[in-house]
Amino acid sequence: LKKELGLKNIIHRIEGYDISNIQGEHATGAMVVFENGLANKNLYRKFKIRTKKTADDTGMIKEILTRSMNHLEWTMPDLILIDGGKGQLSAAKSVVKNIPIIALTKNEKHFGHKIFVNNKDKIIGLAKLTPSVKNLILKVDTEAHRFAISYYRTLHKRKMTSSILPIIKLED
């Protein structure tokens, strides 16, 4: 990972971040943690988006990274992976200064396609990476996506249930 991404240090801890929302409704963010290539679900964190009420993935990424970095009691990662492109990477870089960041873009079929690395001007195609590095990046991204959607669905279901219950009670 260090060699293929051109990083200064060996990577032991990766945090992956993703956003889930539909037009800004019930917007959530998720952080997953991989240590030495393995998921550590005890360290996963979920975030309700507080500052944005419309679809603004870059602003939402900025919010959850700011909140995460303010937890000084949490261990800092060696690498941050963001789901998104240049906009999300720029938002992340505005918050995080001393940790390498990569942003994973997807193709039209929503498969991981390319990564932007914050310390390089070029884009790296996933096909150019060794299978082990490529698979780790995709695994972190997929897990962050799954965790973000899971929390989004929980909040959406809770909202739907609370709005239906008064109707049911009135009819009983």
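The numbers here are math on the coordinates, done by the rules we state, and not lab data. This structure is a prediction, so every number in the text was calculated from the model and none was measured. Glycine also receives a Cβ, built like all others from the backbone with ideal geometry; neighbour counts cover every protein chain displayed.
Summary table below
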{"read-out": "Above-threshold pairs, the threshold being 26 Å between Cα atoms, out of K86/K128; K48/K139; K2/K106; K2/K46; K46/K97", "value": "K2/K46"}
{"read-out": "Value of relative contact order over region 52-100, rounded to a whole percent, pairs C-alpha under 8 Å and six or more apart", "value": "48 percent"}
{"read-out": "Unit Cα scatterers, Debye sum, region 1-151: log10 I(q)/I(0) for q = 0.08, 0.11, 0.14, 0.19 Å⁻¹", "value": "-0.19, -0.37, -0.61, -1.18"}
{"read-out": "Label point distance in nm, K41-N98, each placed 7 Å from Cα along Cα→Cβ", "value": "3.4 nm"}
{"read-out": "Karplus-derived HN-Hα couplings along region 65-82 (A = 6.51, B = -1.76, C = 1.60, θ = phi - 60°), whole Hz, x at Gly and Pro", "value": "5, 4, 5, 5, 5, 6, 8, 5, 7, 7, 5, 6, x, 8, 8, 10, 10, 10"}
{"read-out": "Pair W74, K106: separation of 7 Å Cα→Cβ label points (nm)", "value": "2.2 nm"}
{"read-out": "Global form of region 51-92, assessed from the alpha-carbon gyration tensor, a/c cut-off 1.5", "value": "oblate"}
{"read-out": "Separation between Cα centres of region 86-111 and region 26-45, rounded to whole Å", "value": "16 Å"}
